[in-house]
Amino acid sequence: MSTDTAERPKPGFLGFLAQLAGEDSLRRSLVAVRFAAATGKGVLLSGSVVYFTLHVHLAAAQIGFGLTAAGIASLVSSVLFGMVADRMPRRLLLFINFVVIAVGFGLYAAIDNAYEFYVVAMVISFFDTGLGPTEGAMIASLIPDGERVRLNAMMRTVFNIGFSAGIGIAALAAASRHLLMLIPFGSAALLGLAALLVLRLPKDGPRKPIVRRRRFGAIRDLPYVGVVGLSSVLSSHMTLLMVVLPLWTLHRTTVPHFVVPMFLVINTVFVILFQVRASKGAETVLGAARTARIAGVWIAAGCAAVGVTVFVHQAVVGIVAIMAAVLAMSMAEITQSASAWGLAFGLAPEHAKAEYLGTFDLHIGTQNVVGPVVLAGLVISGGLWGWGLIAAAVLLAAWLIVPAARRSAVAMAALAAHHNEFAEKAETV
């Protein structure tokens, strides 16, 4: 037996992260950034309600309004930051975003009224949403095409690990009023660390000079926007799992209430274990669209599982049905997320990569703003019929997304060819 331990994997938690990242220094640096940022966000997002209620003394309605305003700010941000990221160094923009978010988290320690909270929350959300297209465009410039979906799957796994660690820190801080300041300051420190780690990343890959293009071209690309819209429907698993299913469980079933907090735990563990595997096959546009179709089937299966609780009112059967729905929604999450990366990268032309990635991020922002009101309203008022309508909508979206992705790919190829022709003429002038 060899006594050389240099090749042995590191044990424990850090070893697991290292195994995810592999030996490549670029991927390790990306993992480090993602883990620091996710931990910081986990601290703040899981502890924010406690902090703003007990320390700042905001009412529940004020906190809710601030979070809604932040969600609206994020809808504007994703497209604008995508356009900016196509025109300036992405590593610099990523660094600026993290610095602003870190400062914003720190400013939460100084606010003492609702209006200050609204302003800071909107600024943080604006720059936080800008991280997505900026980081995506940077990955597109540094990572080969066939490896981007798997890398994003690995990064999502790391995010869930870091976010879980942040929840643990927030739980510790919430145990005592004397530790509450750990929530904003701890979050700020971790986001500041993420900013410093960004500087370890290499500079962007070479880009062609910017030539004249349509303003807000991604939003005006109707085939692409169609794919984004269908993806918005297929991303309803987020709202169903985090908002609608808990409300249904609490108000329409005999399932014990202590089961509800387990939804997030089960979902987080599931994503950590299976997200990378679920990304296989989603590297191409057609493969990603087919993966999205699978996600729609899983959402419909989750709705069907919940429907059991309408007819059977025994607690044990209810628990089994609800947990089956949680697992189905978790399967939908990892498949839909993989499909979104494949579609976003595959349908974004090289000359406007970040703008298109930012536009695709609207499918998440739209779901976050519209989903809770629409889906919860359908289920609470319509009962079984509401679940049936949701299942029908996602199955229709799943059926449409493959032909929609094909049309968008054809349109993207034509747009790219036109742009390259225009660029060649511009270079000869």
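Taking Cα atoms of the range 108-262, Rg/Rh with Kirkwood Rh, to two decimals? Present the calculation step by step, with values, prior to reporting the outcome.
Details: Rg = 20.6 Å, Rh = 20.1 Å.
Result for the range 108-262 is an Rg/Rh of 1.02.
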Subject >> Separation of alpha-carbon centers, the range 69-116 and the range 215-265, rounded to whole Å >> reply: 24 Å
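Around Gln275, with a cut-off of 12 angstrom between Cβ atoms, what is the net charge of the other residues, counting Lys and Arg +1 and Asp and Glu -1? Please report the intermediate quantities before stating the final value.
Working: positive: Arg150, Arg156, Arg277, Lys280; negative: Glu333.
Around Gln275, the surrounding residues sum to +3.
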**OP:** Of all alpha-carbon pairs in the range 258-304, indicate the percentage at a distance above 18 angstrom.
**Re:** 46 percent
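Could you compute the longest span of the chain free of GluC sites (Glu not before Pro) located in DSSP loops and having at most 10 other Cβ atoms within 10 Å, not counting the site residues? Working shown, then result.
Details: sites that count: Glu7, Glu23.
Excluding the exposed sites themselves, the longest stretch runs over 24-429.
Within the range 64-134, list the trypsin sites (Lys or Arg not before Pro) lying in a DSSP loop whose Cβ has at most 16 other Cβ atoms in a 10 Å radius. Intermediate values should be presented prior to the final figure.
Values: sites: Arg87, Arg90, Arg91; in loops: Arg87.
Answer by residue number: Arg87.
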Subject >> Rg/Rh ratio calculated on Cα atoms of the range 224-269 (Kirkwood radius) >> reply: 1.15
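Eigenvalues of the Cα gyration tensor times 5, then square-rooted: what semi-axes does that give for the range 171-272, in whole angstrom, largest first? Could the numbers behind the result be given before it?
Numbers: eigenvalues 288, 169, 30 Å².
In descending order the semi-axes read 38, 29, 12 Å.
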**OP:** Loop only per DSSP, at most 12 neighbouring Cβ atoms within 10 Å: give me the trypsin sites (Lys or Arg not before Pro) in the range 129-208, ordered by residue number.
**Re:** Lys203
Subject >> Estimated FRET transfer efficiency (Val370, His178; beta-carbon r; R0 41 Å; 0.05) >> reply: 0.55
**OP:** Set the Förster radius R0 to 25 Å, insert the Cβ-Cβ distance between Val410 and Arg277 as r into 1/(1 + (r/R0)^6), and round the FRET efficiency to 0.05.
**Re:** 0.25
Subject >> Fraction of the pair-distance distribution of the chain above 42 Å, Cα-Cα pairs, percent >> reply: 14 percent
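Grab the beta carbon distance between Val316 and His251, set R0 = 22 Å, and tell me the FRET efficiency rounded to 0.05. Mind showing how you got there, number by number?
On the way: r = 19 Å, r/R0 = 0.88.
So the FRET efficiency works out to roughly 0.70.
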Subject >> D (Stokes-Einstein, µm²/s), Kirkwood Cα radius, the range 61-195, 1.002 mPa s at 20 °C >> reply: 132 µm²/s
**OP:** Can you send over the solvent-accessible area of Asp145, 1.4 Å probe, protein chains only, in Å² to the nearest 10?
**Re:** 90 Å²
**OP:** Provide Rg over Rh for the range 299-347; use the alpha carbon set for both Rg and the Kirkwood Rh (inverse mean inverse pair distance).
**Re:** 1.23
Original post:
Across 10 Å bins from 0, what is the distribution of all Cα-Cα pair distances for the range 351-392, in whole percents?
Top reply: 27, 33, 22, 14, 3
Subject >> Charge sum, other residues only, whose C-beta stays under 11 Å from Asp145's C-beta, Lys/Arg counted +1 and Asp/Glu -1 >> reply: -2
**OP:** Enumerate the calculated ³J(HN,Hα) couplings along the range 313-330 in order (Karplus 6.51 cos²θ - 1.76 cosθ + 1.60, θ = phi - 60°), each rounded to whole Hz, writing x wherever the residue is Gly or Pro.
**Re:** 10, 6, 4, 5, 5, x, 4, 4, 5, 5, 5, 4, 5, 4, 5, 5, 5, 5
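Give me the net charge for the shell around Ala70: Cβ to Cβ below 14 angstrom, other residues only, Lys and Arg +1, Asp and Glu -1. Write down the numbers at each step before the final one.
On the way: positive: Lys41; negative: Glu116, Asp128.
Every neighbour counted, the sum reads -1.
What does the C-alpha gyration tensor say about the overall shape of the range 265-381? Classify as rounded when a/c is under 1.5, otherwise prolate if a/b is larger than b/c, or oblate. Can you show the working numbers first?
Details: a/c = 2.76, a/b = 1.80, b/c = 1.54.
Note, shape of the range 265-381 comes out prolate.
The values are calculated or read from the model by the stated rules, or taken from the named source; none is laboratory data. Computed from a prediction, not measured in an experiment: that's the story for all the values here. Neighbour counts run over all protein chains shown; Cβ positions are idealised from the backbone, glycine included. Only protein heavy atoms, including side chains, enter the accessible area calculation; ligands, DNA and RNA are left aside. Shrake-Rupley method; radii C 1.70, N 1.55, O 1.52, S 1.80 Å.
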